[in-house]
Amino acid sequence: MNQKEIVLSGIRPTGNLHLGNYFGAVKNFVKMQETNECFFFIADYHSLTTHPKPKDLQGNVRQVLIEYLAAGLDIEKSTLYLQSDLPETAELYLFLNMNAYLGELERVTTFKEKARKQPNNVNAGLLTYPTLMAADIIIHKAHKVPVGKDQEQNLEMTRTFARRFNHMYGLEYFPIPTAYNFGEQLVKIPGLDGSGKMGKSEGEGNAIFLNDEPKVLKKKIMRAVTDSGPTQMNQEKPEAIQNLFTLMEVLSSPDTVEYFDDQYNKCTIRYGDLKKQLAEDVIQFTEPFRQKIKELSSNDAIIQKVMDIGAEKARVSAQRTIKEVREIIGFRKIH
Ligand code: TRP
């Protein structure tokens, strides 16, 4: 097969990008643009399940778009668009819903979790989240879907719906997409609160955002959890300390890591110095992102243009698919 594989992923329009998102996903998206045909979109239809105010929805979508562009998604290499600019997705979603069953939808873990968290808003959109996600993916006949562990069951549903459609019409029409998680090469980025991974829901100060101002970064890092220091030569590092070293390994020079590792092993380490150095390196690493975000934020014309170009590119393959699907189903051919 010399046709490039199609990679597709959806991005939730919530919050700002932090280092965990960057090293866990975005950096790989940026890399994949070089070798695959990539579609990345902002899942703004999906976000309606929580009933956002129009202004908030617009602001969030715009911010996420800006941050992904700043992080390296390139509209010359990928198709980057808003889900709501592709109503073909909504049409395919309707078709898929006719063959999606209440029982299987109710069994999806993310649905059960959301229903538990928002018992007063268990809407049909939440229930059919997996059919919309399937429509997102198969509208472009994607092969690979880079997603985190939490989305694997949703992707399994996509595989089910794609197979069901193929089977129903006796065709091999939709490719059956596979999850694409980067395996070994993926670095887990720890947070600053001493345990676990970086995340925005883990509380104030745990995550380092690409858009954080240097002052804020410095303050967060100086406040990161440590302990009273090693008491024995070469002792194993407790989690909170190892976390700071892991961040250093990702962001600082090997010399720096070696220096502090040595200090730790000799029990002469001063965490204040380590944090100062780490803060400096984090500020330096995030600087170009911060600049780019600022630049894009003040240039609305560019953002509008990016959205227009993305919508136009995405529509080409979506319209092709929906046209064929309509005919397969037995609807009148439209021109
Ligand atoms: N459900 C994904 C998430 O919560 C977002 C998403 C929507 C998605 N549609 C998609 C991801 C299609 C991959 C493919 O992160």
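The values are calculated or read from the model by the stated rules, or taken from the named source; none is laboratory data. Since the model is a prediction, treat every value here as computed from it, not as a measurement. Reconstructed Cβ throughout: ideal geometry from the backbone, glycine too, with neighbour counts over all protein chains shown. Calculation scope for accessible area: heavy atoms of the full protein, side chains included, ligands and nucleic acids excluded. Shrake-Rupley method; radii C 1.70, N 1.55, O 1.52, S 1.80 Å.
When you count the other C-beta atoms within 10 angstrom of each residue and take the mean per peptide, 200-208, 164-172, 326-334 line up highest first as 200-208, 164-172, 326-334. Helix 254-265 axis versus longest C-alpha principal axis of the chain: approximately 50°, rounded to the nearest ten. Counted residue by residue at 0.36 nm each, then reduced by the alpha carbon distance between them, the extension gain from K294 to H167 reaches 40.8 nm.
The mean sequence distance of close C-alpha pairs (under 8 Å, at least 6 residues apart), as a share of the length of the chain, puts its relative contact order at 22 percent. Between amide H atoms placed 1.01 Å from N, distances below 5 Å from H18 occur with L210, all of them 5 or more places distant or on a separate chain. Peptides 285-296, 114-125 ordered by packing proxy, namely the average of other Cβ atoms within 10 Å per residue, highest first: 285-296, 114-125. For K31, a cut-off of 18 angstrom between C-alpha atoms picks up these lysines, skipping any fewer than 8 places away in its own chain: K4, K77, K144, K188.
Taking amide H as placed 1.01 Å from N in the peptide plane, K197 has its amide H under 5 Å from the amide H of G191, each at least 5 places away in sequence or on another chain.
Basic side chains Lys and Arg get +1 at the Cβ, acidic Asp and Glu get -1 at the Cβ, and with that the dipole of the chain about its Cα centre reaches some 840 debye. In plain terms, the chain from K77 to L48 could stretch by 7.5 nm, reckoned as 0.36 nm per residue minus the Cα-Cα distance. Taking every DSSP bridge with both residues inside the chain, close to 10 percent are antiparallel. Residue-wise HN-Hα couplings along region 308-318, as the Karplus relation 6.51 cos²θ - 1.76 cosθ + 1.60 with θ = phi - 60° gives them from phi, are 5, 4, x, 4, 5, 5, 5, 5, 4, 6, 5 Hz; Gly and Pro carry x.
Counting only alpha carbon atoms, the long axis of helix 271-297 and the longest principal axis of the chain meet at about 30°. Ligands, DNA and RNA left out, the 1.4 Å accessible surface of region 7-166 is 54% carbon and sulfur atoms.
For region 196-202, putting each phi into the Karplus relation 6.51 cos²θ - 1.76 cosθ + 1.60 with θ = phi - 60° gives couplings of x, 8, 6, x, 7, 8, 8 Hz, in residue order, rounded to whole numbers and with x for Gly and Pro. Counting 0.36 nm for each residue step from A90 to K55 and taking away their Cα separation leaves a gain of 10.4 nm. Look at the alpha carbon pairs under 8 Å that are at least 6 residues apart: their mean separation over the length of region 214-294 gives a relative contact order of 44 percent.
Across region 117-175, C-alpha contacts under 8 Å between residues 6 or more apart give a mean separation that, scaled by the residue count, equals a relative contact order of 39 percent.
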